[in-house]
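Read the structure below first, then the notes.
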Amino acid sequence: MSAAGHHFHRVASISEIPEGDALHVKLEQWEIAVFNVGGEFYAIDDVCTHAFASLSEGFVEGDVIECPLHGGRFEIKTGKAVAAPCTDDVRTYPVRREDDSVLVGIPAAD
Amino acid sequence: MAGRNPFVIIGSGQAGGWAAQTLRQEGHDQAIVLIGDEPHPPYERPPLSKSVLVGAAPPESTHLFPAAAWEKVGVEHLSGTTAAAIEPQDHRVRLSDGRSIPYQRLLLATGGRPRKLAVPGADLPGIYYLRTIGDSLSLAAELRSSGRLLVIGGGWIGLEVAAAARKRDMDVILVEATSQLCGRALAGDLAGHLERLHRDHGVDIRLNCAVARFEGKLRVERAWLTDGERVDVSAAAVGIGIAPNSELASQSGLATENGIIVDDYGRTSDPNIFAAGDVTNHPNALAGRRIRLESWENAQNQAILVAKAMLGKAQAPYAEVPWFWSDQYDTNIQLVGLPSAWDRMVARGDPAAGSFLVCYFKGGWLDGAVGINSGRDVKLVRRLMQTGIPVDPDRIRDPSVRLQDLLKAGR
């Protein structure tokens, strides 16, 4: 995903999101889940596209997050819905690392 | 109609819908005919006793697929239609309107229907059952603050209806014939936790109590309880279980017993007829016995696997750890496994804080769990059970141990 047109916000230090774990952050109106997959950080919508559930409270297996409520799954790197009952993808957000900080980009307001 | 060699699905609920979608996704390019007695596209039922019942979500929100996606599946959907008979020798299904349609393979996803109360006055208007969108909207119209609802049955449906009615500020009396709530599914102390949850929200719970009869002129006005009390009510909701819709199968000579008997690929006793969802009596490897599940997850996942099996594309038999959830007030309850005859129970987390997990062990093996507001831990337990990793109960109890680390360590 292109980082153009995004404002980046520091959301955590690297050590605050251990590998295989997730952090829920709210940046302006965006509810975002930030994941550490094998030392790389990724950000997607926190709210499942099937029902109201927080993906950051879900179960990470490899690069897939399983929703804590109903078991729908999304690819953390692409936001793609990969298991029933989810059919709609979640949005992805660009992530940057600066020193020991994790930054997430949200669409810049016009 | 239907072109050559159609695959026919009877039942347009969760199982029927996912089966149709899976057949197409797996490359089936012949006709798919979906027969269902309801007017709706395939939908999921859990919200009918939750968000739809309190008016927080429209009924369309339950549809399994967005309209465009469902359109793309390209199903010939015979809605408002009932199958009257199956003729296995001729590979045909006869419809209630007299039409007869051929099948190459047939899937029975006929689900179940609410068990009916058999007491005097039980057919009065104002007494509701809950299974369909129509049922949910009818009951929703009765939930108002000036009324009093009598809920019959302290199982999942009864408890969710009670919670919905309290959300609408309605008086609620709930009668349960046995000595605890959710007796089939929960050990005593967890049932007690649920009982406190509902009492704290103002539900008048009567255990060891049932309805003896209803009375009313034009509609239900009062009920006589078996404890001798007479209660005035504005409506009643009955949730006393589901009976499998297996008559169509048994009348056409398929093996049935507490549902349609299938193997772990959903095959019935006829090689061209399959079944999936609430109606199936199927083997479960982890439980080590045959089971019939009334759950959203089984309806979805068994249907997906059986649809693949109908195409000869199933990679492995259906062998999932049963999983179920309920939402009541702000509490999410999840069950994994079918723990029976467990010999050790360990808790993780603090029940007083409203978020905890209870794990059941049998012969040293993790056999199931119940999580209250702890979805992630339930998923991890399920994964631990699925992979067969040995688990030390004391590690479960220790809040400093992350369950995902137990899973990693076992690999």
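What follows is calculated from the coordinates using simple rules that are stated; it is not laboratory data. What you see is a predicted model, and the numbers here were worked out from it, not measured in a lab. Neighbour counts run over all protein chains shown; Cβ positions are idealised from the backbone, glycine included.
What per residue convex hull volume, in Å³, comes out for the stretch B:162-283 when only alpha-carbon positions are used?
168 Å³
When the expected Rg is taken as 2.2 N^0.38 Å, what fraction or multiple of it is the alpha-carbon Rg of the stretch B:51-99?
Its radius of gyration relative to the 2.2 N^0.38 Å reference: 1.69.
Can you pull the one-decimal nm distance between simple spin-label points at B:Gln386 and A:Lys77, each 7 Å off the Cα toward Cβ?
Taking the simple label geometry, B:Gln386 and A:Lys77 are separated by 2.1 nm.
From the P(r) of chain B, could you give the percentage of C-alpha pairs in the tail past 38 Å?
Cα-Cα pairs of chain B separated by over 38 Å account for 26 percent.
Applying 1/(1 + (r/R0)^6) with R0 = 41 Å to the Cβ-Cβ distance of B:Ala177 and B:Ser61, what FRET efficiency is obtained, to the nearest 0.05?
0.75
Based only on Cα atoms, what Rg/Rh ratio does the stretch B:181-250 have, Rh being taken as Kirkwood's radius?
That ratio is 1.08, to two decimals.
Using only the Cα atoms, what convex hull volume per residue in Å³ does chain A have?
Enclosed volume per residue, from the Cα hull, is 91 Å³.
Roughly how compact is the stretch B:262-378, stated as its Cα Rg over 2.2 N^0.38 Å to two decimals?
It is 1.22.
Give the span of the stretch B:42-138's Cα atoms along each principal axis, as three whole-Å numbers ordered largest to smallest.
Its Cα atoms span 44, 41, 19 Å along the three principal axes.
Would you calculate the separation in nanometres between label points at B:Asp123 and B:Asp343, each defined as 7 Å from the Cα along the Cα-to-beta-carbon direction?
5.3 nm
Express the Stokes-Einstein translational diffusion coefficient of the stretch B:89-229 in µm² s⁻¹, to the nearest whole number, given a Kirkwood radius over alpha-carbon pairs, 20 °C and a viscosity of 1.002 mPa s.
Answer from the Stokes-Einstein relation: 124 µm²/s.
Given the options A:Leu23, A:Leu69, A:Leu55, which has the most mean-square fluctuation in a GNM of chain A, springs set between C-alpha atoms less than 10 angstrom apart?
Comparing A:Leu23, A:Leu69, A:Leu55 in the GNM, the peak value goes to A:Leu69.
Would you please name the trypsin sites (Lys or Arg not before Pro) within the stretch B:120-225 that are DSSP coil residues with at most 14 other C-beta atoms within 10 Å of their C-beta? Working shown, then result.
Values: sites: B:Arg131, B:Arg144, B:Arg148, B:Arg166, B:Lys167, B:Arg168, B:Arg184, B:Arg196, B:Arg199, B:Arg206, B:Arg213, B:Lys217, B:Arg219, B:Arg222; in loops: B:Arg131, B:Arg144, B:Arg168, B:Arg184, B:Lys217, B:Arg219.
Taking the stretch B:120-225 and a limit of 14 other Cβ atoms within 10 Å, the loop trypsin sites (Lys or Arg not before Pro) found are B:Arg144, B:Arg184, B:Lys217, B:Arg219.
Most mobile of A:Ile65, A:Ile14, A:Ile76 per a Gaussian network model of chain A (Cα springs, under 10 Å)?
It is A:Ile14.
Which number do you get for Rg(Cα) / (2.2 N^0.38 Å) in the stretch B:335-393?
Computed over Cα atoms of the stretch B:335-393, the ratio equals 1.03.
What is the set of long-range amide H partners of B:Gly368 at a cut-off below 5 Å, with H atoms built 1.01 Å from backbone N?
Close amide H contacts, sequence-distant or interchain: B:Tyr360.
Which three semi-axes in whole Å describe the equivalent ellipsoid of the stretch A:56-110, each the square root of 5 times a Cα gyration tensor eigenvalue, listed largest first?
Equivalent ellipsoid semi-axes, largest first: 24, 15, 9 Å.
Can you give the translational diffusion coefficient of the protein assembly as shown in µm²/s, computed by Stokes-Einstein from the Kirkwood radius over Cα pairs at 4 °C and 1.567 mPa s?
Diffusion coefficient, whole number: 52 µm²/s.
For the stretch A:1-67, which GluC sites (Glu not before Pro) are in a loop by DSSP, counting at most 16 other Cβ atoms within 10 Å?
Taking the stretch A:1-67 and a limit of 16 other Cβ atoms within 10 Å, the loop GluC sites (Glu not before Pro) found are A:Glu19, A:Glu28.
Using the Karplus curve 6.51 cos²θ - 1.76 cosθ + 1.60 with θ = phi - 60°, what ³J(HN,Hα) values do you get for each residue of the stretch B:64-73, in whole Hz, with x for Gly and Pro?
5, 10, x, 3, 5, 5, 5, 4, 5, 4
Could you please tell me the mean projected area of the C-alpha convex hull for the stretch A:1-47, averaged over all directions and given in square nanometres to one decimal?
It is 3.6 nm².
At 222 nm, what value in deg cm²/dmol follows for chain B if DSSP H runs of at least 4 each add -39500 (n - 2.57) and the sum is divided by all its residues, to the nearest 500?
Working: 10 runs with 97 residues, N = 411.
Calculated mean residue ellipticity at 222 nm is -7000 deg cm²/dmol.
So if we plug the beta-carbon distance of B:Arg289 and B:Ser250 into 1/(1 + (r/R0)^6) with R0 = 25 Å, what FRET efficiency do we get, rounded to 0.05?
The formula returns an efficiency of 0.70 here.
Starting with the fewest neighbours, write out B:Met345, B:Met170 ranked by other beta-carbon atoms found within 10 Å of each beta-carbon. It would help to have the intermediate numbers written out before the result.
On the way: B:Met345 17, B:Met170 20.
So the ranking, lowest neighbour count to highest, is B:Met345, B:Met170.
In Å and from the alpha-carbon atoms only, list the Rg and Dmax of the stretch B:191-348.
20.7, 59
In terms of modelled amide H atoms, which long-range or inter-chain residues lie less than 5 Å from the amide H of B:Ser100?
B:Leu95
What chymotrypsin sites (Phe, Trp or Tyr not before Pro) does the stretch A:1-88 have in DSSP loop regions with at most 16 other beta carbons within 10 Å?
Details: sites: A:Phe8, A:Trp30, A:Phe35, A:Phe41, A:Tyr42, A:Phe52, A:Phe59, A:Phe74; in loops: A:Phe52.
Loop-located and lightly packed - A:Phe52.
Could you give the distance between the Cα centres of the stretch B:195-221 and the stretch B:289-355, to the whole Å?
30 Å
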